[in-house]
Structure formats: C-alpha cells, structure tokens
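Data first, discussion second: the structure below is written as structure tokens.
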Amino acid sequence: MFKQYLKQALQMLKENRLTSVISILGTALSIAMILVVVLQFQIRLVGFRPESNRDRMLYILGIRADSQTDPNNRNSTAMSDGVVKECLYPLQTPESVTAMAKDRSIVSLPNRRLFEEYVICYTDPGFWKVFDFHFLSGKPFTEADFSSGLPRAVITNTLARKLFGSEEPVGKEIEMGYVSYAVTGVVKEPSRAAGSAYSDVWVPYTSNTNYVNNQSCGGVCGNFQAVILAHSSGDFDAIRAEIKQAVARYNAGGRDFVLGINYIFSRVDVALGSNDMNGGIQVGWLEYLTQKVPLLLFLLLVPTLNLTGVIQSSVQKRRSEMGLRKAFGATKGRLLTQVLCENLITTMIGGIIGIILSVVLLHLCKSFLLSREMVITFEMLFKPALFAAALFFTLLLNLLSAGLPAIRIAREQIVDALKDNDNS
C-alpha cells in the first residue's frame, strides 16, 4: 500500500512540477530557518573536541567578594589564584579541576620582533585533563613545570606554521612580554565555539607573576574562572555541596572580604544564557522557551499556510479519483493516510534540502549569529539532535499543511466528489 502511495507521489511530482517546486522550496526554507535556531543552541550545548565532555562540566564564571567593614564595598568579579588553590584544587568529588585566565599578548621569536597579538590562556596541568585536545606533536607542560613556574608553552598548529613554518617546533622558543617560553607541544587549533578551551597559546599561570598571589579584595578577587569535570552529571549536586563547604572553611579564616560562589553553572545553564560573569543571570527552560518558541512557531506556521493552499489546489484536481475510491469502499482513514503519505514525500525532500540550506545559512550568517572568527566544523553540526529536530519539524509541517485538505477530502460526499463540484 505504501509502495503504491510512493509511486503516486512521484508521479504527481512529475505532472505538477511548478506546484511541486513551490512545495519543496517552501518546506526547505521553513526547515532551514528553524534548524538555524536549533544549530545555534546545539553549538552552545553539545560536546565536540576539545570540549567533548560538556555534559559532565560545571563552570564557575565569577565570584562575589563583600567587605566585612564596608557594606557598600561589594565586588562581582573573577577569583584569585588563592581561592582556586584553597577551595577548588582540594575537591575530592570531581574527576579534575582547572582554572584559567585569558589575555592577549604579542607573540614573537627571540631573534625576530613581531607585532601580532594572540589569545593567551594562563592555566594549570588540570586543563589538559578537563579538555581533550588533539596533540599533533609534543605534550602538555607538566605538574613540575607548573609548580616551578617554568616558562613553558603549548601552541596551536596555526600559530606554529606562522612562526616556524612547520608543526614541529617542540623545543624551540617563543617570546611573550620579553620572556622566552619553550614550546612543549602543538595542538590542533580549537574552534572559537569552544569558548573555555579556546586560545592560541597555553602557559602555566605560575610563570607570570601578575597571576600569582593576587591581593585584590583581601586576596579574594583575581583573574580566574574555573571548569570542573565530574565523573558523571549525577555528581553535580555533590560537587556543589563540597564547594559550599570549602567556601565556608575559606571564610572561617577571618578575612576582610567574604567569598561567595552562588552560581555554579552546568553546560545547559550556559547554553540557555546563564553565563553572566557576575552570576547575576539565571535563565531556565521556561524563560528560554518563552523567547524561542514564538519564533519557531512563526517560522513553521507561515509556510504551513502557504503550503496548505498549494496542496488544497493540487487535491482539487483529484477529487473525482478520491470519490471513486470512496465508492469502492475506501474508508476516511485510508484516504487521510494516502494524502498525508503522498505529501510526506514532498516534505521529506524539502527537509533534506532544508538541512543542507541551514548549514549554508549558518556559515554565511555566522558573523552575527555566532562569531565572525568562529570555525564551524563537521563534528559540531552533525549530531543526532540535528536529524531528530529536522525529522520532527518535517513531520509536523507535513501534518499541519496536508491535514486540513486530507480531512476535507475524507468528509466529502461521494456524489459531490464524483461530480467534481468545485464549490464544495
């Protein structure tokens, strides 16, 4: 039966080419616009290298430091290395913890002064456990390098080619701020979509005195954010509880400023928009859906109304055929199924084109949808969620656009259909 519906649908595509093209293009454009919205969310949420374990990550994007002597002296900022060492590194529940501070600096060669700035990430050995970088040569700086504050650096393959003309510069030196750093490894350049992991150069923060022993806000305020990798997402509550206990112990030391870590975000929180540096914005699913659902409905319903008219016009040409089938015993359910199945072929073709078009649109419009410098990779886009979303919206569009004409056909009287009464 369904094989017959497929043959009829393909035959209709050939006979009504203009109508078929309009239907397919309308479906494709609708699906493409919806998927662009879905893809933006997917890029922020779903894991890809070097942030493959996003579903197990927690983020501390900022802290609060309140003076105990001056009620008006309240600071929302990043944390100091002292807070990291006392409150985060000793945690027992997580698999690993890392802290990072980012800046821009000119990277040169010892014997050649250059003037281009790059993103520098000052971090720790835990960084390489939290994130799964692809090392093309060499290895990360070690715990011994970090403890001793030695100037060691990991650079991207793009920067390696610019500076050394190859991706094998391990053992050579680069210069930042008139300090020479020995290159220990080269990694494949990450996409800017990997916001926490992204950089051009990674060095131990202990190699730069500006990031060590910060005394701002009584030693509470500093430059660092943190990413915590849990063994599983089920450990999130236990990790938050352990951090709360660590903060209480830290504040029991009688410091001038009270440390507060109120917001420890999961990746879902970050994807929804709860990524304010000050921890002042928390967006839940309800707020996010309130913002996005009206847009998705608009993108879905406008082409649906147009396609309904096109399909209705196409169906009118087959009224006598449908009336004849009803005369020979076809039920309303059988006719309804036939129209939906035949239209599904058109919407599926449009859906496939829509997937391709959505990726093209995302690349062409990424300067204002995402970031102009962001590199969009195959791994970021092609996830099960993309195909599930495309299939869902394609089926929904088919049901909405073909449903009303199908119901009308199923209810039509046999005599009216056979007479091909255009006024019915």
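Here are the numbers:
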| item | result |
| --- | --- |
| About the Cα centre, charge dipole magnitude for the range 62-262 (Lys/Arg +1, Asp/Glu -1 at Cβ), debye | 220 debye |
| FRET efficiency for residue 73 and residue 114, using Cβ-Cβ distance with R0 set to 30 Å, rounded to 0.05 | 0.10 |
| Heavy atoms of residue 263 accessible to a 1.4 Å probe, total area in Å² rounded to 10 | 70 Å² |
| Accessible surface, 1.4 Å probe, highest first, among residues 91, 357, 29 | 29, 357, 91 |
| Over the range 193-276: Kirkwood hydrodynamic radius from C-alpha pairwise inverse distances, Å | 15.4 Å |
| Probe 1.4 Å - accessible area at residue 116, Å² to nearest ten | 90 Å² |
| Greater than 32 Å apart at Cα, pairs in 172/244; 102/383; 102/162; 244/383; 139/383 | 172/244; 244/383 |
| Heavy-atom accessible area order for 381, 18, largest first, 1.4 Å probe | 18, 381 |
| Local electrostatic count at residue 74 - Lys and Arg +1, Asp and Glu -1, tallied over other residues with Cβ under 10 Å | -1 |
| Pairs of Cα atoms farther than 15 Å apart, the range 73-135, % | 67 percent |
| Span from the the range 16-36 Cα centroid across to the the range 46-123 one, whole angstrom | 46 Å |
| Extension gain from residue 297 to residue 143, taking 0.36 nm per residue of separation minus the Cα-Cα distance | 50.2 nm |
| Per-q log10 I(q)/I(0), the range 62-262, q = 0.09, 0.14, 0.19 Å⁻¹ (Debye; single scatterer per alpha-carbon; no solvent) | -0.38, -0.84, -1.29 |
| Approximate spin-label separation residue 255-residue 93, in nm, with each point projected 7 Å along Cα-to-Cβ | 2.1 nm |
| Cβ-based net charge around residue 186, under 11 Å, with every Lys or Arg adding one and every Asp or Glu removing one | +1 |
| Residue-level accessible surface for residue 81, protein heavy atoms, 1.4 Å, Å² | 10 Å² |
| Other-chain or far-sequence residues with amide H under 5 Å of residue 131's (modelled H) | none |
| Residue order for 163, 391, 114 - accessible surface, 1.4 angstrom probe, largest first | 391, 114, 163 |
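The values are calculated or read from the model by the stated rules, or taken from the named source; none is laboratory data. Keep in mind that what you see is a predicted model, and the values were worked out from it rather than measured. So basically every Cβ, Gly included, is an ideal-geometry build from the backbone, and we count neighbours across all protein chains shown. Ligands, DNA and RNA are excluded from the accessible area calculation, which covers all protein heavy atoms including side chains. Shrake-Rupley method; radii C 1.70, N 1.55, O 1.52, S 1.80 Å.
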